[in-house]
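Working notes, beginning with the structure itself.
Bear in mind these aren't lab numbers, they're just calculated from the coordinates by the rules spelled out. Owing to the predicted nature of the structure, the values given are computational and were not obtained by experimental measurement. Backbone-built Cβ (ideal geometry, glycine too); neighbour counts: all protein chains shown.
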């Protein structure tokens, strides 16, 4: 397993060792000992699975009172995955990092608690799996608008993305509740 630090401390790209032969492939998508060695928490309490069509943008989501760390991977298709640092005490507060995750490259993204998260589906459709370190708490969920001018995220979109009503109603970054 190869783990690479991104431009934002704590956000990691995890590349598993993939064994391939004429039958297909095999890899460990999670190994508690290896993940711990790279600073990824040992306890995940929930697995989530989404399927979205091309052009869907989900996010930027976070939970203010029950923040979730997320280990994100794609099992079908490709996404552009984004993490935004919303920890006021961080030197990278308000900065973002984008990572291409796909079924083909088998990369995973570790996004610690204290970050807003979102992704754009680049392929015809994509299935995304992610482990979380805390349970979903709808009363604690918040959304920052995907195209906030202050964040200036460079989404690789072709036109306006498909958004849920919740994501359309996201707040500006300077109005969002953040972490200390």
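Miscellaneous remarks
- Over the residues of the chain, the helix contribution to mean residue ellipticity at 222 nm works out to -1000 deg cm²/dmol, using -39500 (n - 2.57) for each DSSP H run of at least 4.
- Between residue 1 and residue 172, the C-beta separation translates, for a Förster distance of 35 Å, into a calculated FRET efficiency of about 0.35.
- Candidates 69, 39, 159, ranked by Gaussian network fluctuation over the chain, Cα under 10 Å, top entry: 159
- Listed by Cβ neighbour count within 10 Å, with the fewest neighbours leading, 122, 35 appear as 122, 35.
- Proxy reagent accessibility, fewest Cβ within 10 Å first, across 49, 61: 49, 61
- Gain upon complete extension [residue 27, residue 158; 0.36 nm per residue less C-alpha separation]: 43.8 nm
- Proxy reagent accessibility, fewest Cβ within 10 Å first, across 102, 164: 164, 102
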